[in-house]
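Below is one structure, written out as structure tokens; the observations come after it.
The values are calculated or read from the model by the stated rules, or taken from the named source; none is laboratory data. Bear in mind the structure is a predicted one, so any value in this text is a computation, not a measurement. With ideal geometry, Cβ positions are generated from the backbone for all residues, glycine too; neighbour counts draw on all protein chains shown.
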Amino acid sequence: MRAARRADTLKAVVKIELTAEQPATLWSQIAPDEYGFYANVNPQVDHPRWSQRSERRIGELGRRDTLMFNGYAEQVAGLYTGMDLARYY
Amino acid sequence: MSTPPSLSPQAASTRRAALKIKIDWLRIGVHGIGLFALARLAYLWAFGSLTANPIQFVEQYLGRAALTLLVLSLAVTPVVSLTRWRALIPHRRTLGLYAFLYFALHLLTFGVLDYGLDWGEILRLTAGKPFIFVGLLAGLILLALAATSFKYWMKRLGRNWKRLHKTVYLASGLVVLHYAWAVKGSLTNLSGDILRPLGFGLLVVILLVLRIPAVRRRITRRARVF
């Protein structure tokens, strides 16, 4: 299950389905070269078209440093231990 | 424009009076086209329609305006071949300079508004993202052309002026590449937002093909028949 995501943040869990195959996701269908399954924001790994080191929050003028795993690093980093995050993003 | 052959003082004064009240609609129209995107942007700003991400919107809007004006300036020569409407020729430069204006604003939006003159980050992006590098290259060409667009440089560079200004063909190719690379999606499977840059690319290709001497001669001859 993917929780914190780029544009479509999970709002309410209605159902949890366990599948044998990795399901397709909207963003990776639109642009498979750019978006992976996990869709994590990782300041250390560039998106192909831009750097993820900094971001601008909607309504703000300046940029701020991007936080690891959308700011939930403490809670979710453990799920990704041992994974190459430049490949699985 | 060469000076007219010597006129009698009377004829010269009537001529001057005639020039004074003559409204050059074509020139006004060309400036209208050049300023349209800026006026529209001001309108969108005034009515708060710059989307939820105004900086990104303005940046992309100005980039598209620059490319549009570049395509329009590239269209002048083929249109003159087709229609023999030679009065258009001087306006090619005006349109080209507007393209440069929009490029300059696009660059300023990127450097100042978007990245707040964070030179380290700007440098890293330019070196690391090919589409930014390509865009900068095209921009440098436009800068050189805008700087040498004056009559002084035209005279001073002579034959080389024409050679230099033909690099606008390269610049327009680079701008299309920059645009296609900057949008999401990919060219290989035609997914995402690739259609708009592809349309611009097609236009540029058509406008460049119409310049090939053999093609140009054919369309000019046909225009003469009609």
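In the range A:56-71, the residue that is farthest from the other protein chains (Cβ to nearest Cβ) out of those that are out of contact with any strand residue (DSSP E or B) (no Cβ under 8 Å at 6 or more places or on another chain) and loosely packed, with under 15 Cβ neighbours inside 10 Å is A:71.
Within the range B:92-110, one or more residues are within 27 Å of residue B:213 (Cα to Cα), without any contact (Cβ under 8 Å) to a residue 40 or more places away in the chain and away from chain A (no Cβ under 14 Å). Only a single criterion out of (1) in a helix (DSSP H, G or I); (2) more than 20 Å from the chain's Cα centre (by Cα) is not satisfied by residue B:49, namely (1). If you go through the range A:34-55 and keep only what is loosely packed, with under 15 Cβ neighbours inside 10 Å and within 9 Å of another protein chain (Cβ to nearest Cβ), you end up with just A:48. Cβ-Cβ under 9 Å, sequence separation 6+ or interchain: first residue in the range B:40-53 and within 14 Å of chain A (Cβ to nearest Cβ), partner surrounded by 10 or more Cβ atoms within 10 Å (Cβ to Cβ) and hydroxyl-bearing (Ser, Thr, Tyr). Which pairs? These pairs meet every condition: B:50/B:61.
Scanning the range A:14-27 turns up no residue that is over 30 Å from residue B:50 (Cα atoms), at pLDDT below 90, touching a Gly at 6+ places or on another chain (Cβ under 7 Å) and away from chain B (no Cβ under 11 Å).
Residue-wise test of (1) charged (D, E, K, R); (2) within 25 Å of residue A:54 (Cβ to Cβ); (3) in contact (Cβ under 8 Å) with a residue 12 or more places away in the chain.
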position	(1), (2), (3)
B:113	no, yes, yes
B:126	no, yes, no
B:134	no, yes, yes
B:149	no, no, yes
B:164	no, no, yes
B:176	no, no, yes
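Listed conditions (1) within 14 Å of the chain's Cα centre (by Cα); (2) outside any helix (DSSP H, G or I); (3) not hydrophobic (A, V, I, L, M, F, W, C) are all met by residue A:70, apart from (2). Scanning the range B:119-152 for residues that are over 20 Å from residue B:169 (Cα atoms) and touching a Lys or Arg at 6+ places or on another chain (Cβ under 8 Å) gives B:121, B:129. Among the residues of the range B:54-77, those identified as away from chain A (no Cβ under 14 Å) and β-branched (Val, Ile, Thr) are B:68, B:71, B:76, B:77.
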